[in-house]
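Note sheet for the following structure.
The values are calculated or read from the model by the stated rules, or taken from the named source; none is laboratory data. Just so you know, these numbers come straight off a predicted model, no measurement behind them. Here Cβ is always computed from backbone atoms with ideal geometry, including for glycine, and neighbour counts include all displayed protein chains. Remember, those area values only see protein heavy atoms, side chains included, never the ligands or the DNA or RNA. Shrake-Rupley method; radii C 1.70, N 1.55, O 1.52, S 1.80 Å.
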Amino acid sequence: MAVLVCLARHVGEVVTRDEFGAEVWSGRVVSDEALSRCISVLRQTLADDSREPRFIRTIARIGYTLVPTPVPLEPGDANAAAVPPPQATAALSVAAQDVIAALPPPRVHWSARWRAGRMRRDALLATGCIGLLVVLALVYSARDRHSVAEAPPPPLTRLLVLPFDTTEAKDIGRDGGVELADEIADSLAHVEALQISGGTSSDTLAAAHTGAVEAGRKLGVDAVLSGEMADRPGGLRVSARLTATKDARVMWSRVYDRQAADLFAVQSSIAASAVRELMGVLNREGLTGAPRVEPDSRDLEAYQLYLRGAHQVRLRGEDSLRRAVDLFSAAARRDPSFARAQVGLAYAYALLPSYSYEDPTEMYALADKALASADRLSHSRSESAGTRGYLSFMRGQWIEAETAFRTAIVADPNNPDVRQMYSQLLGAVGRIDAALVQVRLAQEIDPLAPVVADRLGILHLWLGRDAEAANDAALARELGLDEVAYPETKILLKLHQHDDLEAGEDLRSLLRSLHRSDAWVEPTFNAYRHAEKRPAVIGLLDRALAAGDISPRIYFHVMVLLESPARALRGYAALPDRGGNDLEFLFSPDAAAVRRDPAFGEFVRAMGIEAYWDRFGWPRACHRDGSQIACR
């Protein structure tokens, strides 16, 4: 009965086996046989046939759906709803006979005749109630059928493209299915009012062998494009389908047979054909914008190298970014006119210092060189605006960064990387709430991206929401975040949670990687907890900085925590590379004492942040007080 109730609760929708497990068995692990047996009993009770189902339809390898069974009214009969159809009347008569037959036989005594009369009245009343319920059900069913028939299908505004399954294509490997999906998604990303879910989430779900419908529901999209690649004699066969997430209905499907003389040409040909046909399915709601169905390179192998590089960038981490540099460079060598390969190369160089110990100045110079090469080719600067914005942000050019990020978002509003990087700029200039809005938009597009989860955790840390920050950090690690990026924030979170022992171990591990002494760690933690010990420890840290036993960056963070504004601001000014998280830290609750110091206003002015605020808006933490800047 619980299985039937679960189906009825989702009538017309597909209920997956996992959803049955959650609703019927309260999450307990049961075999597939338990559910199959329940469905079998229901079909037997309802006289249903699994091959020609009237009530319960099997959705292969996914679950089951309860099929509505409407009976149309006679056309043109205004009173049809008031009269039950013949089969309903027959059923009603049988019901009445069953009720009367269940009554005890009458006796001669007057009291028995009175009881029998009362029972007949009760039976007639019961019969009338049953009849009224049947009529109401028929009226409701007719009205519901009419509204469903008249309602237009909901528009498709969010789409997930899963990597194509290459299990049956022995010479291709998984990357071939990823590249084909990337090419289709990249083409559709330029269609207005159509949001393509991020590639990181797509790759993660595919690697976990999540089915199309379940994957679509996890990400909250309207439809999922999926398919398989398989060998065939002398060539390759690709099957593609567009599946509605709500009811698992296949909206579009196609099989492409190609000769395998040139695998890259085959993939690009299939991607172009699929995009053109999909636009015919998706365009009914007036979607505009031209999908890119050409690879932007005359050399198809160069384009495949570019797609592989873009995939490595999504993975982040030092090794992945170095592979991305190699792939983008190879694409540019094969096709020197391929501007997008140069843009990708610039992006990989710009990110690399955050995930390695590469010199930022050198990497940013290489990124500039790649962008200059792109500018000399046939290239729309809007496509490289996100990378330009990030480089400007990392160099402290706030106004230029804001302008570039806005250009990039207008050109590609569904790019989660751009929104995540834009949130870093907004955080660095103290607009933490606006930064949170942007990273949540990035998470909506790409929910399983580890860098987005990590970014959300950092912003929650700056807002003093430690529980949420801890959850976000755990999710980022689960999704495979490279821990090299900004380890100081993880240490600070543990301090907030009063886990000084583990925070100390993490800090010592960081110091060992930097070949620095850790003799000052324990007294510094004690001073953090006990304000009266701070003057002596601050002197100890000054000597450690002079001796090279503490890095300028860690010195800056520690002086903020020990509420020494002058030393904190001098420490930031001495940083060789003034990262965004370091500046964001000054707008966190931990830095309230630094912000209240009169010197902070002059620091903001010297950093060029006041000019940014005048142009794009001031944060809640600061305001102009006459000629001075006052912050809280």
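Hey, can you tell me all the residues within the stretch 336-353 that are touching a Leu at 6+ places or on another chain (Cβ under 9 Å) and within 20 Å of residue 421 (Cβ to Cβ)?
Once the filter is applied, which keeps residues that are touching a Leu at 6+ places or on another chain (Cβ under 9 Å) and within 20 Å of residue 421 (Cβ to Cβ), the stretch 336-353 yields 342, 343, 344, 345, 346, 348, 349, 350, 351, 352.
Of 534, 516, which residue is surrounded by 15 or more Cβ atoms within 10 Å (Cβ to Cβ) and outside any helix (DSSP H, G or I)?
When all the criteria are applied, what remains is 516.
Determine whether residue 545 is open to solvent by less than 30 Å² (accessible area, probe 1.4 Å), in contact with a helix residue (DSSP H, G or I) (Cβ under 7 Å, 6 or more places away or on another chain) and part of a helix (DSSP H, G or I).
no
Inspect all residues belonging to the stretch 313-334 and state whether any of them is within 24 Å of residue 161 (Cβ to Cβ), open to solvent by 20 Å² or more (accessible area, probe 1.4 Å) and at pLDDT below 90.
Yes, because at least one residue in the stretch 313-334 is within 24 Å of residue 161 (Cβ to Cβ), open to solvent by 20 Å² or more (accessible area, probe 1.4 Å) and at pLDDT below 90.
Working carefully through the options 287, 305, 278, 282, find the one that is touching a helix residue (DSSP H, G or I) at 6+ places or on another chain (Cβ under 9 Å) and modelled with pLDDT of 70 or more.
305
Quick check: is even one residue across the stretch 490-498 open to solvent by 60 Å² or more (accessible area, probe 1.4 Å) and either closer than 30 Å to residue 440 by Cα or not β-branched (Val, Ile, Thr) (or both)?
Taking every residue of the stretch 490-498 in turn, at least one turns out to be open to solvent by 60 Å² or more (accessible area, probe 1.4 Å) and either closer than 30 Å to residue 440 by Cα or not β-branched (Val, Ile, Thr) (or both).
Here are some conditions: (1) open to solvent by less than 10 Å² (accessible area, probe 1.4 Å); (2) not in a helix (DSSP H, G or I). Residue 337 meets all but one. Which one does it not meet?
Residue 337 satisfies every listed condition except (1).
For residue 371, state whether it is under 23 Å from residue 456 (Cα atoms) and either assigned to a helix (DSSP H, G or I) or under 23 Å from the mean Cα position of the chain (by Cα) (or both).
Answer is no for this residue.
Residues of the stretch 32-51 being of a type in the set (Asp, Glu) and open to solvent by 100 Å² or more (accessible area, probe 1.4 Å), which ones?
33
Within the stretch 340-357, which residues are buried (at least 20 other Cβ atoms within 10 Å of the Cβ) and of a type in the set (S, T, N, Q)?
Listed by number, the residues that qualify are 342, 354.
Looking at residue 329, is it outside any helix (DSSP H, G or I) and more than 28 Å from the chain's Cα centre (by Cα)?
No, not satisfied.
Of all the residues that make up the stretch 419-457, how many are of a type in the set (Val, Ile, Thr), assigned to a helix (DSSP H, G or I), out of contact with any Gly (no Cβ under 6 Å at 6 or more places or on another chain) and open to solvent by less than 10 Å² (accessible area, probe 1.4 Å)?
Total satisfying the criteria: 2.
Residue 522: open to solvent by 40 Å² or more (accessible area, probe 1.4 Å) and either within 17 Å of residue 586 (Cα to Cα) or touching a Gly at 6+ places or on another chain (Cβ under 8 Å) (or both), yes or no?
yes
Taking residue 467 and the conditions (1) in contact with a helix residue (DSSP H, G or I) (Cβ under 8 Å, 6 or more places away or on another chain); (2) in a helix (DSSP H, G or I), which numbered condition does it fall short on, given that it satisfies the others?
(1)
Of the conditions (1) at pLDDT 90 or above; (2) open to solvent by 70 Å² or more (accessible area, probe 1.4 Å), residue 578 clears all except one; give me its number.
The one condition residue 578 does not meet is (1).
Starting from the stretch 341-368, take each residue that is more than 18 Å from residue 323 (Cβ to Cβ) and list its partners that are part of a helix (DSSP H, G or I), counting only C-beta distances under 6 angstrom and pairs at least six apart or across chains.
Listed pairs, sorted by first residue: 360/353; 364/391.
Of all residues in the stretch 385-399, count the ones that are touching a residue at least 40 places away in the same chain (Cβ under 8 Å) and under 23 Å from the mean Cα position of the chain (by Cα).
Number of matching residues: 2.
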